[in-house]
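Asks: First, the structure itself, so that you have it in front of you.
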Amino acid sequence: MKLNLKRPLAFFDLETTGTEIGKDRIVELAVVKIMPDGQVSMMPAQRGKEHRLIINPTVPIPIESSLVHGIYDADVKDAPTFKDFAPKLFKFLFDCDLGGFNSNRFDIPLLAEEFLRADIDFSIEGRNLIDVQVIFHMMEQRNLKAAYKFYCGKDLPDAHEALPDTLATLEVFESMLDHYKNVEREDEQGQSYLPVQNDMEVIHKLSERRKKADFAGHIVYNEQNLPVFNFGKYKGQVVQEVFTKDTGYFSWMMNADFPLYTKKVLKEIREQMRQANK
């Protein structure tokens, strides 16, 4: 379908050092601009990069991020910084509407942050912002009723009643195991695996995504199996190290409006520290 455009529409995607808008930086950028007459153009890539715009974020790239997008510190050491080509990008995006996948929540805010660091006021005022993920989630709902229809081929007339919802969830789960039996996926390294198996330990790991120390996910485990904060100014930092350098942080959390289970976990960590220091 030919897009009905009144002005240029630029679809773009970012690869970054992480997911914190105010902190993280861009390491790769791709922009495809569609003109009202249907002509398509892309930001020119660096020489030898095959249409890839690799960017030096000027900060180390965490290994967790590199494992996802495949861009490491060595790949960016000779690349231009965002500030180096920000004027050219600003000109390329001038008067464009913007589009992407989850772009309204992440890509556009982070892009605007990078422009501001480059002393360029990139305004979204008057632009149409097209987020394909929003349309996808709206039109292909991800609630229990939609899952029951998709996997079981049935309507759920008593949705939001506890027992019908419970029985439907069980039936959906059983149907999922059949639906995805022997269906392979690839991980970030390109290795094929079977994510959905009739094995509750496998399903547990799939459901958990990231190992949490508390139910709320305020504290999670890092690759060294150490508890780290998953929020706030100490996000990603080991809990014991934070409590050592900021002696008032434990008391603040105990008096703040955190779940009781989170506080229970923090008390256990604090007690382990006391025992280790005896």
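The values are calculated or read from the model by the stated rules, or taken from the named source; none is laboratory data. Remember, predicted model here, so these are calculated numbers, not experimental data. Here the Cβ positions follow ideal geometry from the backbone for every residue, glycine too, while neighbour counts run over all protein chains shown.
Asks: Just the residues that are at pLDDT below 95 and in contact with an Asp or Glu (Cβ under 7 Å, 6 or more places away or on another chain), please, taken from the stretch 56-99.
Replies: Selection gives 67, 68, 69, 71.
Asks: Another question about this same structure. With the checklist (1) outside the structural domain of residue 56 (by TED's automatic domain parsing); (2) surrounded by fewer than 17 Cβ atoms within 10 Å (Cβ to Cβ) in hand, flag the one item residue 121 doesn't pass.
Replies: (1)
Asks: Now, a different point. Kindly provide the set of residues from the stretch 94-118 that are among the acidic types (Asp, Glu), surrounded by fewer than 17 Cβ atoms within 10 Å (Cβ to Cβ) and touching a helix residue (DSSP H, G or I) at 6+ places or on another chain (Cβ under 8 Å), ordered by number.
Replies: Just the residues of the stretch 94-118 that are among the acidic types (Asp, Glu), to begin with: 95, 97, 107, 113-114.
Next, from what is left, pick out any that are surrounded by fewer than 17 Cβ atoms within 10 Å (Cβ to Cβ): 95.
Hits for the stretch 94-118: nothing passes.
Asks: Scan the helices (runs of 4 or more DSSP H) fully inside the stretch 171-278 and keep the ones with 2 or more residues being at negative phi and among the polar types (S, T, N, Q).
Replies: 239-245, 249-255, 260-276
Asks: Of all residues being small (Gly, Ala, Ser) and touching a strand residue (DSSP E or B) at 6+ places or on another chain (Cβ under 9 Å) in the stretch 82-136, which is farthest from residue 58 (Cα to Cα)? Just the residue, please.
Replies: Per the stated criteria, the residue is 99.
Asks: Does the stretch 222-268 hold any residues that are among the acidic types (Asp, Glu) and under 25 Å from residue 19 (Cβ atoms), and which are they? Give the derivation first.
Replies: At the first step, the residues of the stretch 222-268 found to be among the acidic types (Asp, Glu) are 223, 241, 246, 257, 268.
Result: 223, 241, 246, 257.
Asks: Still on this structure, I have one more. Condition (residue is on the phi < 0 side of the Ramachandran plot, in the same structural domain as residue 100 (by TED's automatic domain parsing), acidic (Asp, Glu) and modelled with pLDDT under 90) applied to the stretch 15-36: is it met by at least one residue?
Replies: yes
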